[in-house]
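A.B. asks: Pasting in a structure now, in structure tokens, and then I'll have a few things to ask.
Derivation of every value follows stated rules applied to the coordinates shown; laboratory data play no part. Since the model is a prediction, treat every value here as computed from it, not as a measurement. Methodologically, a virtual Cβ is constructed for each residue, glycine included, from the backbone with ideal geometry; neighbour enumeration extends over all protein chains shown.
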Amino acid sequence: MFVKLIRGEQTKLIKAAIEKAGSEKNFSKLLDIPEGSVYHYKLEKRLLPLKRFKKITAFLKINKESIEIKELPSNWGQRIGGKKCVISKKKKGTFNIDMKRLQQIQSEKLKKWHRHMRLNNPEKYYELQYSRFKKIGGYKYRTKRGGLVRNKFEKDVADILERMGVKYQYEPLVKINKNFYFPDFLINNSIIIECTAWKGVQKAYKLKNKIEDLKKEYCVFVVIPKNLYSYYKVINNDCLILGLDNFASVAQTFHKTI
């Protein structure tokens with residue numbers, strides 16, 4: 001912490017202490033303050049640190065409470081220096097250039113981190129990514145079990161599982177060879193349920209590729225609204241479940257398979 005006195009008061013304080021000590025050199029030795037610092041304090045080129053202010057007032061036997069001061073944080077000079085630097089760079093026209101350069105450096109560092117994590121600790125990497133996406137993904141629908149899911153269709157599927165007494169994990173991390181996925185529902189580490197109400201053929205093809213990979217180690221079902229069959233007919237009919245009523249019938253059989 002630093003103290004800021006009314007203009008001229010710091011000079012008076014230092015001069016009084018020097019006079020009492022007999023000389024600047026004596027003052028420096030008695031209070032263990034470098035002579036260079038004494039010189040700058042006397043000319044008010046530097047603010048007094050709070051500790052030295054207390055030393056000097058004690059040396060002069062002055063009640064420090066009687067002096068009007070303003071305490072400043074230890075990094076006050078850095079803040080001022082930073083502001084002045086920004087103003088100077090803006091005047092010179094180099095501020096935006098420096099900011100872009102800094103952004104590029106940060107971007108490169110981030111890319112390196114992503115590459116390093118994917119290669120050396122992929123499971124941890126995808127868990128971190130998933131956690132980040134979940135925070136910004138807007139999981140607004142609460143299931144009967146109390147968990148949050150992305151949309152109303154997922155909530156309906158989750159509530160059917162709950163009603164049937166089927167235990168499930170929501171969006172767990174699963175690994176197939178070198179690929180990582182977060183399927184919608186996992187039941188007893190053997191059955192995966194993907195559910196979607198998105199309209200679009202591209203979504204269907206992406207889901208088809210994902211399912212082909214998941215089927216290498218899991219039994220996979222895809223639940224969609226009945227009216228979206230035209231989009232998702234590219235997916236194997238053995239996997240497709242049309243509508244929530246049909247899903248409820250299939251969900252009853254999960255107890256027999258797990």
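A.B. asks: Return the whole-Å distance between the Cα centroid of the stretch 17-39 and the Cα centroid of the stretch 151-181.
C.D. replies: Between the Cα centres of the stretch 17-39 and the stretch 151-181 lies a distance of 75 Å.
A.B. asks: Report the local net charge at residue 223: Lys and Arg +1, Asp and Glu -1, summed over other residues whose C-beta lies under 12 Å from its C-beta. Intermediate values should be presented prior to the final figure.
C.D. replies: Values: positive: 226; negative: 154, 156, 184, 194, 245.
In short, -4.
A.B. asks: Near residue 195, within a Cβ-to-Cβ distance under 9 Å, what is the net charge of the other residues, with Lys and Arg +1 and Asp and Glu -1?
C.D. replies: -4
A.B. asks: If the stretch 2-74 were replaced by its equivalent ellipsoid, with semi-axes equal to the square roots of 5 times the Cα gyration tensor eigenvalues, what would those be, largest first, whole Å? Intermediate values should be presented prior to the final figure.
C.D. replies: Values: eigenvalues 63, 36, 25 Å².
Output for the stretch 2-74: semi-axes of 18, 13, 11 Å.
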